[in-house]
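Some notes on the structure that comes next.
The values are calculated or read from the model by the stated rules, or taken from the named source; none is laboratory data. A quick note: this is a predicted structure, and the numbers were derived from the prediction, not measured. Reconstructed Cβ throughout: ideal geometry from the backbone, glycine too, with neighbour counts over all protein chains shown.
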Amino acid sequence: MKRIYVSLSNKSIENAIKELEKYRDDLKKKLEIFVVKLIQAGIATAEINEGEYKGMITFRPANESVFPLSDGVEGILIATDGVKLIKEWKYQGGIKQAEVSPLLMAEFGSGWLSKVLDPVEGVGQGTFPGEKHAFDVDGWWWTTPDGENHHSYGEAPTYPVHSALFAMMFQIESIAREVFNGELVS
């Protein structure tokens, strides 16, 4: 931050007030740029971690990108399912279907494979609706509607949202240095 020198004259005080107002406005603009760049970094990382659901999940900033607060700005990264995904399998009574959220499957996975590979503490394994084999260490067999048999232990999570959060956390300082030119980061 540049120094502002003030003498005890009306003109000097008025100039100091103008300089401070200019600095405040500049700081607000830089904060907005900072938050937008953090969100962009999060989105870029999330898109890399979609796994087999690539292109089925939408990551974007909230409509306004940044929201003013009394002491700064706030940004929101939104993740939504971009498509409705229906999984089908054959069972002895016919064909079953389940609507699957690509976002939830990518983030949390399903079945035993999710539990074994899950390095995120507090995140449990997901299941299909009514799934009874999700916790079976031997996995399960399922049949496609055309009669092909498959064995599965579930789907491993790829953590797009979790990864986006960590990407933003790890890039805070470098983005701050870039946007604020070292003014606020020591």
Out of all the residues in segment 129-182, which are crowded, with 17+ Cβ neighbours inside 10 Å, more than 19 Å from Ile76 (Cβ to Cβ) and in contact with a Gly (Cβ under 6 Å, 6 or more places away or on another chain)?
-> Ala134, Tyr153, Gly154, Glu155, Ala156, Pro157, Thr158
From (1) surrounded by 15 or more Cβ atoms within 10 Å (Cβ to Cβ); (2) under 35 Å from the mean Cα position of the chain (by Cα); (3) part of a helix (DSSP H, G or I), pick out the condition that doesn't hold for Ala79.
-> (3)
Selection over segment 87-97 where residues are surrounded by fewer than 14 Cβ atoms within 10 Å (Cβ to Cβ) and either outside any strand (DSSP E or B) or hydrophobic (A, V, I, L, M, F, W, C) (or both) yields a count of 3
Does Gly111 count as of a type outside the set (A, V, I, L, M), modelled with pLDDT under 80 and at negative phi?
-> no
Taking Lys84 and the conditions (1) without any contact (Cβ under 8 Å) to a residue 12 or more places away in the chain; (2) loosely packed, with under 11 Cβ neighbours inside 10 Å, which numbered condition does it fall short on, given that it satisfies the others?
-> (1)
Subset of segment 16-47 that is of a type in the set (Val, Ile, Thr) and under 11 Å from the mean Cα position of the chain (by Cα) - its residue that is nearest to Met168 (Cα to Cα) = Ile39
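Residues are listed down the side, and each one gets a yes or a no for (1) at pLDDT 85 or above; (2) touching a strand residue (DSSP E or B) at 6+ places or on another chain (Cβ under 8 Å); (3) under 30 Å from Val35 (Cβ atoms):
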{"position": "Ile78", "(1), (2), (3)": "yes, yes, yes"}
{"position": "Thr127", "(1), (2), (3)": "no, yes, no"}
{"position": "Trp141", "(1), (2), (3)": "no, yes, no"}
{"position": "Ser152", "(1), (2), (3)": "no, yes, no"}
{"position": "Phe166", "(1), (2), (3)": "yes, no, yes"}
Among residues of segment 38-76 being aromatic (Phe, Trp, Tyr) and either in contact (Cβ under 8 Å) with a residue 60 or more places away in the chain or not in a strand (DSSP E or B) (or both), the residue nearest to Tyr159 (Cα to Cα) is Tyr53
